[in-house]
Amino acid sequence: MSKHTQDAPTVTSMTVRSAKEKRKLTMLTAYDYSSATLVDECGIDMILVGDSLGMVMLGRDDTISVTMDEMIHHCRAVTRGTHQALVIADMPFMSYEPGVETAMKNAARLFQEGNARAVKLEGGHEVVPQITALVKAGIPVVGHIGLTPQRVATLGGFKVQGKTADAAIRLIEEAKALETAGAFCIVLEAIPSSIAKRITEAVTVPTIGIGAGKDCDGQVLVFHDLLGLFDRFVPKFVKQYANLREIAAKAITEYKEEVESGAFPAQEHGFTMPKGEEDKLES
Ligand code: KIV
């Protein structure tokens, strides 16, 4: 693990933008203080406080019901544990779709109350006015196209997008529109690798893929997926680098058994009174 050092440069939206074609970018979600410190210390460029927290942290079926207050709560915890990575907060469902004014108000809350330093919002041409206004106001924006989980109801489920030539052309046009609006990078979720490659070549800002192949400028995964902590479903694009659920289950079972058998706590886990004080109790 490359431990965070005080002199490690802070990642900004400018750093990310200028990394295109120079080095691959890394993004990982985090939703609390402890996981944020871990991700940050490993030198990941961007920490996404994703609205996927609705599923992996709160046990809901989708991201639709995640609220602004929930996002701010988690964002504050993550930013307390982050020193180097750029913290990006997801704008939850209906916090930007109604229009520029709503988007400005809610992005400002994620900045001022959550301490995020960029926001991510889902969608193509329809969110261009919001992105333009946010960037003008000094709020860096990450775009997100392809499978956009907040629109799962109109997409007919968590399905791969851009599988026809027409749909692929639309995605390329959307990416260009987001770039023109001022997005400093664009997440491409669940689209054919060849289309992600075309999009990556068509825009000058970095693309960050999740289920979009190796030719994106960077990759993003959900913390719990990467570590094997969430087993309700594992999408095809996930690589589990560890099975922490199994390791944790073993440790918790051992704890249970030791408490039940009396092996825990041992003497070294307890406290003693100062010399002589115990004797006074006897007298
Ligand atoms: O909410 C999230 O975790 C995301 C990533 C999957 C990109 O949007």
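The values are calculated or read from the model by the stated rules, or taken from the named source; none is laboratory data. For clarity, every value in this text was computed on a predicted model and none was experimentally measured. Every residue, glycine among them, receives a Cβ derived from its backbone with ideal geometry; neighbour counts consider all protein chains shown. Each accessible area value is taken on the protein alone, full model and side chains, heavy atoms only, with ligands, DNA and RNA left out. Shrake-Rupley method; radii C 1.70, N 1.55, O 1.52, S 1.80 Å.
Once the other residues with Cβ under 13 Å from the Cβ of VAL234 are scored (Lys, Arg +1; Asp, Glu -1), what is the net sum? Don't skip to the end; give the middle numbers.
Values: positive: ARG232, LYS236, LYS239, ARG245; negative: ASP225, ASP231.
With Lys, Arg at +1 and Asp, Glu at -1, the net is +2.
Assuming a ≥ b ≥ c are the square roots of the Cα gyration tensor eigenvalues, decide whether segment 155-225 counts as rounded (a/c under 1.5), prolate (otherwise, with a/b larger than b/c) or oblate.
Details: a/c = 1.56, a/b = 1.09, b/c = 1.43.
Since a/c reaches 1.5 but b/c is at least a/b, the shape of segment 155-225 is classed as oblate.
Can you check what the net charge comes to around TYR31, using other residues whose Cβ is under 14 Å from the Cβ of TYR31 (Lys, Arg +1; Asp, Glu -1)? Don't skip to the answer; put the middle values down first.
Details: positive: ARG60, ARG76, ARG80; negative: ASP32, ASP40, ASP51, GLU70, ASP90, ASP225.
Summing Lys/Arg as +1 and Asp/Glu as -1 gives -3.
Per residue Cα convex hull volume for segment 48-90, in cubic angstrom?
Values: hull volume 2.5 nm³, N = 43.
It is 59 Å³ per residue.
Keeping all protein chains in place, calculate the accessible area per residue for segment 13-244 (probe 1.4 angstrom), answer in Å².
Per residue, segment 13-244 has an accessible area of 42 Å².
For the chain, set up a Gaussian network in which alpha carbons nearer than 10 Å are linked by springs, and say which option among THR26, THR67, THR272 fluctuates the most.
Greatest mean-square fluctuation among the candidates belongs to THR272.
Using a Gaussian network model on the chain with a 10 Å cutoff between Cα atoms, which of GLU126, GLU254, GLU113 fluctuates the most?
Its mean-square fluctuation being the largest, the pick is GLU254.
Based solely on its DSSP helices, what 222 nm [θ] is calculated for the chain when runs of n ≥ 4 H residues each add -39,500 (n - 2.57) and the sum is averaged over all residues, nearest 500 deg cm²/dmol?
On the way: 12 runs with 113 residues, N = 283.
My calculation for the chain gives -11500 deg cm²/dmol from helical runs alone.
With a/c under 1.5 counting as rounded, go ahead and sort segment 60-121 into rounded, prolate or oblate using the C-alpha gyration tensor (a ≥ b ≥ c being the square roots of the eigenvalues; past the cut-off, prolate if a/b is larger than b/c, else oblate). Each step should come with its number before you reach the end.
Values: a/c = 2.12, a/b = 1.36, b/c = 1.56.
It comes out oblate by the Cα gyration axes.
For the chain, with all protein chains present and a 1.4 Å probe, just round the carbon and sulfur fraction of the accessible area to a whole percent. Write down the numbers at each step before the final one.
Values: 8290 of 14770 Å².
Carbon-and-sulfur percentage of accessible area, whole number: 56.
From the Cα gyration tensor of segment 13-244, with a ≥ b ≥ c the square roots of its eigenvalues, which class applies: rounded if a/c is under 1.5, or else prolate if a/b is larger than b/c, or else oblate?
Working: a/c = 1.25, a/b = 1.09, b/c = 1.15.
Because its axes are fairly even, with a/c under 1.5, segment 13-244 counts as rounded.
Would you work out the charge dipole size for segment 150-283 about its Cα centre, treating the Cβ of every Lys and Arg as +1 and the Cβ of every Asp and Glu as -1, and quote it to the nearest 20 debye? All intermediate terms of the calculation are to be shown ahead of the outcome.
Details: 16 positive and 20 negative charges, 225 e Å.
That gives a dipole near 1080 debye.
Rounded to two decimals, what ratio of Rg to Rh does segment 233-283 give with C-alpha atoms and a Kirkwood Rh?
Working: Rg = 21.3 Å, Rh = 15.2 Å.
Result: Rg/Rh = 1.40.
Report, please, the projected area of segment 1-116 averaged over directions, based on the convex hull of its C-alpha atoms, in nm².
Values: hull surface 31.9 nm².
About 8.0 nm², averaged over all directions.
So for segment 99-172, what percent of the C-alpha to C-alpha distances run longer than 19 Å? Let's see the in-between values first.
Details: 1143 of 2701 pairs.
Of all Cα-Cα distances in segment 99-172, 42 percent exceed 19 Å.
In the Gaussian network model of the chain, springs joining C-alpha atoms below 10 Å, which of GLY218, GLY270, GLY138 carries the largest mean-square fluctuation?
The residue that fluctuates most here is GLY270.
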